[in-house]
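A short write-up of the structure that comes next.
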Amino acid sequence: MSRGIALASMPAMFRDAVIVAHRLGFSYLWIDSLCILQDCPDDWDRESGAMGEIYRRAAITIAAASAPNSHTGLLSVPPQASKELDPPCQLKLHANSDSRDTVSLTRVDWREEDLFFCLFDAPLAKRSWTLQERLLSHRTLYFGKRQIYWECQGGHHAADGEQDSPVIESFFVNFLSLTTLWATSNYIVAHSEARGDDIYNLWHSVLSLYCDNRELTFEKDKFPALSGLASYIHQLTNDIYLAGLWRNDLHLGLLWKSWSKTRPTKAFRAPSWSWASCEGEIHFARPFYRRVATLDDAEFITCDIGLVQQNPFGEVKSGRLRVKGRTQSLFRSERQYDKSVPLAGLYYFDLSQVIMITIGAQLSSNCLKMLVIAY
C-alpha cells in the first residue's frame, strides 16, 4: 500500500472495529464503506455483487447491534447496576483457589436488552443490508449497549450467561435453523431433502423478513441488498433469477400478497409481478398452495429482464414476463370484504355464472382463495 487511512481520522465505530480485530488476532478487516468506491457505479456494482462471498468466507463478522450510526463506538462502558435495587455479588472463580480473580453477578432485566432484541429490534435489525450479512456469516460478534453476544452455527450466547425466556427461545431456535441452513452449504449438498421446495420455501421466508420493517437509504438498492443471498441460492439450485423470483418456482413465487400498509415505489424498481415493485410487508401463502399449485398450472413462455449494471442479481430497469395458463372470470359481489378474517383479506365473488360452466364440478372456497390471491 502506498497510502493508508489514519486511525484517528476514522469514525469511532471503525476505530473500535480495528481494535477488536487486532486483539482477536486478525490482520485484515473489511469495511464496506471503506473498501468500496462509493462514487464509482462500476466498482459499486462489482463489489456489492461479491459482498455475499465476503461474508460467507469471513472468519468472523463484527456487528454494532445498538449503534445508530458509525460515529457511535462499539466499546461503550456497560451501565452500572443500581446498588439499591440490584446489589452486585462478587464470587471467586474456584472456591478453594487463592486467585484474586472474581466474577461479578448482578440481576438484570432481560426486557432491556438481549440477543433477541439485537437481532430483531435494535437499530442494526432495521437496515435491509444487514439481513444477508447475518444469514451468510458463519460467526457474528454483536456489541450491544450493555454486553456482547455471540452467534454461530452451533448456537448463541451472551457474555453474562443470560438465558432467554422459553417463548423467545422457542422462536429464536426456529429462526436459527434458517441461519444454519443458509450458512452451511455442505448441509444442502449432503441432504437431498433440503433441495428443491425447501430451498424456495426458505427464500420466501427470508423475503418476508426482508420486507418487514427494514429500511433502505435508497429504494433502488432493494435487489442489491439481497444479491448475496440470491447468488447463494443460484449456486445451490443453478436456477434462473427473475427480478426476485426463480424460474423453477415461478408458479408459486408469483403468489405473493402485499399487506394494507404496502405502497408502490416512487420510481421504477421492479416489474409489477415482482414483490420488489412495492414497499412494505409481503406474504407468501406457500404452506397450502404447494398442494394445489403445480408447474402444470402455468406454462413459462419467456422472460426478459433489463439490468442496470452487470450484476445479474442487482438493479433492474425493465422486466417482461409471459406465461400461458387457464383463466377464470370472477364477478365481485356486493359483499366485498370479510371483516371476520382481517389478516386473510378475503373478498367474495358471485360464482353463479362460473358454476354453470364447470359442468357440475364443485368449486371449493379454497380454490377461490387461490384464484383471488393470483388475481
Too long at a 18 Å Cα-Cα cut-off: which of 145/222; 220/257; 222/266; 222/324; 126/317; 261/317? 145/222; 220/257; 222/324; 126/317; 261/317
Give the order of 269, 146 when sorted by the count of other beta carbons within 10 angstrom, beginning with the fewest. 146, 269
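I need 256, 150 ordered by Cβ neighbour count within 10 Å, fewest first. Please report the intermediate quantities before stating the final value.
Working: 256 23, 150 16.
Exposure proxy ranking, most exposed first: 150, 256.
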Per-residue Cβ neighbour rank within 10 angstrom, fewest leading, 203, 30, 44: 30, 44, 203
Starting from the 7 Å offset along Cα-to-Cβ, what nm value, one decimal, do you get for the label separation of residue 23 and residue 326? 6.6
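Bear in mind these aren't lab numbers, they're just calculated from the coordinates by the rules spelled out. Treat the numbers as computed from the prediction; the structure is a model and nothing was measured. We place every Cβ from the backbone using ideal geometry, glycine too, and count neighbours over all the protein chains shown.
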